[in-house]
1. Hey, in the GNM for the chain with a 10 angstrom Cα cutoff, which one of ALA64, ALA36, ALA84 fluctuates hardest?
2. Lysines within cross-link reach of LYS90: Cα-Cα under 22 Å, excluding same-chain residues under 8 positions apart?
3. Taking θ = phi - 60°, what integer Hz values does the Karplus form 6.51 cos²θ - 1.76 cosθ + 1.60 yield along segment 4-13, in sequence order, with x for Gly and Pro?
4. Hey, what number do you get for the chain at 222 nm if only DSSP H runs of n ≥ 4 count, each worth -39500 (n - 2.57), divided across all residues, to the nearest 500?
5. Treating cross-link reach as a plain straight distance, find the aspartates and glutamates whose alpha-carbon is under 16 Å from the alpha-carbon of LYS2, omitting any fewer than eight places away in the same chain.
Amino acid sequence: MKLKVYGWTSYRNECPSAPNGTRQTREIVAAFSWAAAHRATGKRDSIGQMRNYGGVTGNAEEVALAVSEPGTVFWCPLHDKYSAKCEWRKATKVTP
């Protein structure tokens, strides 16, 4: 089985507010399957939400970061994702 990098859109309370007030995030993790990616989140998001709002990413920056620590979920504010201000953070697992 080959390691893949999954990315999806989510929300986090600790995310700084965007100009429109939302706290949307871009989240990534290197895993062998959607199920493994889902487990890495601590089941914070539903697997259906992750699949509906994401997929396997081919973004070189995201792939390099995620494969540096497989199984670790990283996130950045969605409104900063495509700017020089994007600062990736390690997510903490939550208890389901």
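1. In this elastic network of the chain, the residue with the biggest mean-square fluctuation among ALA64, ALA36, ALA84 is ALA84.
2. Excluding near neighbours in sequence, the set is LYS4, LYS43, LYS81.
3. 10, 10, 9, x, 7, 9, 8, 9, 9, 5
4. Working: 3 runs with 22 residues, N = 96.
That comes out to -6000 deg cm²/dmol.
5. Straight-distance partners of LYS2: GLU69.
Each value in this text was obtained by applying a stated rule to the coordinates, not by laboratory testing. Everything quoted here is computed from the prediction, not taken from an experiment.
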